[in-house]
Amino acid sequence: MDRRFLVTAAALASLCLAAAPARAQDNWPTKPVKIICPFPAGGTSDVMARMLANALSKEFGQQFIVENIGGAGGTIGTLKALQAPPDGYTLIQTGVGQNAVAHGLDPKLAYDSMRDFMHISQVHSGPNVLVVHPDQPFKTFQELVTYIKKNPGKMNYGYTHAASGHMAMELLKQVGGDKGQPLFIVGIPYRGGGPMMQDILGGQIPMMFINQDVALPHVRAGKLRPLAVTSRERNPLYPDVPTIAETGVKGYEALSWSGISAIKGTPKAVVDKMEAAMKKIMVSPEIKQRMESVGFVIPPQGSEPYTRFVKSEIDLWTRVIKAAGIKAD
């Protein structure tokens, strides 16, 4: 009798222990959740991360806290996030720089964006805008490209290494010429977007690609002239500005984007809850209005479309970087 009782008790205890993690996952989150933003405070990535954290806090009734860990194009913060336990209490802001461009720059990158993450949903997508200083004679994208073709090496542009604007220009140089010939434009490197913006506003550099939300106040003030956007469709905040694709560079697209991902091994129940929450949050009138007011497009929501998109971006920018011979800074 005692032996049977002990065996039964042990079996029940095992069942309880097995059920405990499941119950914990079902109740998630029971404490604050950290979102690692791998860029400094104040930029577009940080703004998107904080917008999302605020919405998730309201949705789950638990704090979602953004921690900024910048450096090395987003790779330092990404690596730091991957050191956390995969329990759902550390999430990662993924994006074009750290999860696509970084793979092209460093074939031996210390993480694999397709293997080490569970991509939950994309948060934002937006074009870069090709802008020129208003003193430049070019009124259209076609006029600019015609000049570059006739005067190879005489036009220059500003860029920050491996940023989305840099990648947009490299792609244009590779596919924007005639009969497979690249456009010859001279790049002037900058350590940050702030000094680069100051120089184009001052006329020290004639043109650059820049995120559409950053360009907008300067365009509205007449201090920059937009010639083209890098998305497939026109941006609602720049309705009179053509896409590069519609000017004749077929298939051209170069986007700035971010999303939310979990560490590989995070319980499926947690990922499923986050995915459902994202689908609800991203179509809410509040988020929709806020995103569209600065020209961002809300992408298709869900793990499957975001995972496919990340893979396609890795493939695109690895090809572009290899063709351009760009190395890690």
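Once divided by 2.2 N^0.38 Å, the Cα radius of gyration of the chain becomes 1.16.
Mean sequence separation of contacting Cα pairs (under 8 Å, at least six apart), scaled by the length of the range 213-304, corresponds to a relative contact order of 24 percent.
Highest mean first, the peptides 120-131, 307-318 sorted by other C-beta atoms within 10 Å per residue fall in the order 120-131, 307-318.
For a quick check of your reading of the filter: which trypsin sites (Lys or Arg not before Pro) in the range 85-173 sit in a DSSP loop and have no more than 15 other Cβ atoms within 10 Å? Walk me through the intermediate numbers first.
Details: sites: 108, 115, 139, 149, 150, 154, 173; in loops: 108, 115, 139, 154.
Sites meeting the loop and neighbour criteria: 108, 115, 139, 154.
Using only helices, what value at 222 nm comes out for the chain when you add -39,500 (n - 2.57) per DSSP H run of length 4 or more and divide by the total residues, to the nearest 500 deg cm²/dmol?
Values: 11 runs with 140 residues, N = 329.
Theoretical 222 nm ellipticity from helices: -13500 deg cm²/dmol.
Shown in residue order for the range 128-144 are the 3J(HN,Hα) couplings computed by the Karplus curve 6.51 cos²θ - 1.76 cosθ + 1.60 at θ = phi - 60°: 8, 10, 7, 10, 10, 5, x, 6, 5, x, 7, 9, 9, 4, 4, 4, 5 Hz (x for Gly and Pro). Partner aspartates and glutamates whose Cα lies under 17 Å from the Cα of residue 154, excluding those fewer than 8 positions away in the same chain, are identified as 135, 143, 170. Taking each of 273/311; 31/273; 108/268; 264/327; 173/322 in turn, the alpha-carbon distance tops 19 angstrom for 273/311; 108/268; 264/327.
Read-outs throughout are calculated quantities, based only on the coordinates presented, and are distinct from any laboratory measurement. All values reported here derive from a predicted model rather than from experimental measurement. When we count neighbours, we look across all protein chains shown, and the Cβ atoms used for this are built from the backbone with ideal geometry, even at glycine.
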